[in-house]
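Chemist: If you scroll down you'll find the structure; I have some questions about it.
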Amino acid sequence: MRVLLILAALVVVVLLALRFYQGGDVGAPPGAGPAMLAGAPAASFTVKRLNGDADSLADYRGKVVLVNLWATWCPPCREEIPALETLYRRYQSKGLIVLGIDQGESASVAGAFARKLGVTFPLLVDDAQQYGRAYAAQGLPTSILVDRSGHIVKGIDGQLTLAQMQELVAPALK
Amino acid sequence: MSSRFPSLAVALVALALVVAQIVIPGAAIFHTWQYTVALAVIGYLLVTYATPALRGQEGAASRMLGAGLAGVLIVVAAGIASGLLGPDTERISRAPGTIVPLPDIGAAAFFSNADPQTIASGDGMVSLRRRNHTDIVISPGSHKFLGGLMLMLEPLPAAYFDASDAGGNHLTITQQTGSTFLSPVLLFKDRQSIAGEMQFVGGFELPGAKRSVKVVYFDAEDVRRQHFPVPAEAAGKPVVLYDLFDSSDKSVGIGMAPSGAEVRVGGVLLKATLGTYPQLLIASVPAPIAVLIGLGLFVTGLAGMVVLQAQSGKEARVPRPRGA
């Protein structure tokens, strides 16, 4: 009887140990889309500027960067660009960079569009759509606020108004 | 003595059943009640064999056998635990360069970035990142243990697409029904019956050109068997069939091209690099530590039994001293 009890205890101990062994600490934030990336280091890929020079998000370390993923065929992206331009001009002196990253199109297409709208903030062309995948874009536009240390403050799916943009960047610029 | 061989047979069956979870991870049978009941019955038999053996009713050798059976019981317990308490098998497929939170195992899976060459060679990898732990990198063909889970990669047919308009301008590729919206890599997860055979199918959109594209993947064997009208240089290569639709869902063209070749269909130029990209398989398996301890105990017990039996056999053969 004593042996049986020992064996039963052994089984229980193994079961409990397995249960505890499986449950590690949680290292990933819940949710989906760009919102889930808050707090994570911002991924950076070297792509081309409109003039063909190489550039990447990492080159702006030390600045607060509002990354905007967009494309010329996307109506809400086109509507959002004037507000992004206003934001950039207003807060550039305080250390804000607006970084537009076109997803999947040629530099000639993105460049012609930017010239028409008088865009002055830096524009990159990501024809392999690497930023879109890394930032879990669920649609366009997608905006990602990156702090001076290169960490994601917030990821937002969809079009923002100027007021929403200002509310978003103000705490990071302090 | 008489119960030794049946008990050893039961022990070996038990070990085979549990080790099968590691050899063929992810099989649905391991999460069925029938499997659990089978292991429970075997566990009960092991207890009935081990109890008298551990009491030493058949000598010191049988006590060693009892210890060995106790080891098998640990393995059985680990097998039942992974089947009953472990999560169901999960297959996670995502586009290259994406991150998937896995809160159940306290980690995030990073699917490696991939260019066309990576897809063609099937060299995509997945890294598992856990807070305060080193990364677990899983490469094709390898597997890793994480507690009572086994992580391994299974290759999925995949295609890296390039698209441009009539003017040669690159076009954005989106996958509105796929797991990753902005990805030029299509993972073929669905199959459809075409001409009596099941083929991999998928689709993507070219919003800049107002086109949606349905794609069928044919491997080299399909191409040979079905006599597709492909160029001679495509022999032995997989091909894709494109079916393009405009914004009113009207078909605007059908084309076919082997891996790496461009084809003009419906006013756009398309190129696919075909190959594979991994999906992550997470399967519950018996905790390796428990299995190792149990197996160690079983082997030690078995060895001890054999040694003690041999010793007692020698003692039995020693002639009695004369005059005793």
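Chemist: Under the Kirkwood approximation applied to all pairs of distinct alpha-carbon atoms, what is the hydrodynamic radius of the protein assembly as shown in Å?
Modeler: After inverting the pairwise mean of 1/r, the radius is 26.7 Å.
Chemist: Now for a separate question. Given the options B:245, B:228, B:30, which has the most mean-square fluctuation in a GNM of chain B, springs set between C-alpha atoms less than 10 angstrom apart?
Modeler: Among B:245, B:228, B:30, the largest GNM mean-square fluctuation belongs to B:228.
Chemist: Another question about this same structure. Just going by the charge dipole of segment B:155-234, with Lys and Arg at +1 and Asp and Glu at -1 on Cβ, which of B:200, B:180, B:217 is farthest out on the positive end?
Modeler: The residue sitting most towards the positive pole is B:180.
Chemist: What is the fewest-to-most order of B:262, B:58 by other Cβ atoms lying within 10 Å of their Cβ? It would help to have the intermediate numbers written out before the result.
Modeler: Working: B:262 13, B:58 16.
So the ranking, lowest neighbour count to highest, is B:262, B:58.
Chemist: Okay, moving on. What is segment A:32-173 by shape, rounded, prolate or oblate, if you read a ≥ b ≥ c off the alpha carbon gyration tensor as root eigenvalues and call it rounded for a/c under 1.5, prolate for a/b larger than b/c, and oblate otherwise?
Modeler: Since a/c stays below 1.5, the shape of segment A:32-173 is classed as rounded.
Chemist: So how far, in whole Å, is the C-alpha centre of segment B:106-133 from the one of segment B:151-175?
Modeler: 17
Chemist: About the Cα centre of segment B:91-281, what is the dipole size in debye to 20, counting +1 per Lys and Arg Cβ and -1 per Asp and Glu Cβ, all else neutral?
Modeler: Its charge dipole is roughly 380 debye.
Chemist: Let me ask another. What Rg and what Dmax come out for segment B:187-292 when only alpha-carbon atoms are used, in angstroms?
Modeler: Cα only, segment B:187-292: 18.0, 62 Å (Rg, Dmax).
Chemist: Just from its helices, what would the mean residue ellipticity at 222 nm be for the protein assembly as shown, if runs of 4 or more DSSP H residues each count -39500 (n - 2.57) and the sum is divided by every residue, rounded to the nearest 500 deg cm²/dmol?
Modeler: Value at 222 nm, helices only: -12000 deg cm²/dmol.
Chemist: Now a separate question. Using Cα-Cα distances under 8 Å and only pairs 6 or more residues apart, what relative contact order does segment B:91-281 have, in percent?
Modeler: With pairs under 8 Å counted, the relative contact order is 23 percent.
Chemist: Separate question: Dipole magnitude of chain B about its Cα centre, charges +1 at Lys/Arg Cβ and -1 at Asp/Glu Cβ only, in debye to the nearest 20?
Modeler: Computed charge dipole of chain B: roughly 1560 debye.
Chemist: Could you pull the Rg and Dmax for chain B, using just the Cα atoms, both in Å?
Modeler: Both quantities, over Cα of chain B: 29.0, 114 Å.
Chemist: Who wins for biggest fluctuation among B:169, B:132, B:113 in a Gaussian network model of chain B, springs between alpha carbons below 10 Å?
Modeler: B:132
Chemist: Does segment A:52-134 come out rounded, prolate or oblate, given a ≥ b ≥ c as the square roots of the eigenvalues of its C-alpha gyration tensor, rounded meaning a/c under 1.5 and, failing that, prolate meaning a/b above b/c?
Modeler: Note, shape of segment A:52-134 comes out oblate.
Chemist: At 0.36 nm per residue, minus the direct Cα-Cα distance, what do residue B:55 and residue B:228 gain on full extension? Give it in nm, one decimal, please.
Modeler: Separation in residues times 0.36 nm, less the Cα-Cα distance, equals 54.9 nm.
Chemist: Still on this structure, I have one more. Which of A:78, B:191 has the fewest other C-beta atoms within 10 Å, and how do the rest follow up to the most?
Modeler: By the 10 Å Cβ count, ascending, the order reads B:191, A:78.
Throughout, read-outs are computed from the coordinates displayed, never taken from laboratory work. Just so it is clear, the model here is predicted, and its values are computed rather than measured. Heads up, the Cβs are rebuilt from the backbone with ideal geometry, glycines too, and the neighbour counts pull from every protein chain shown.
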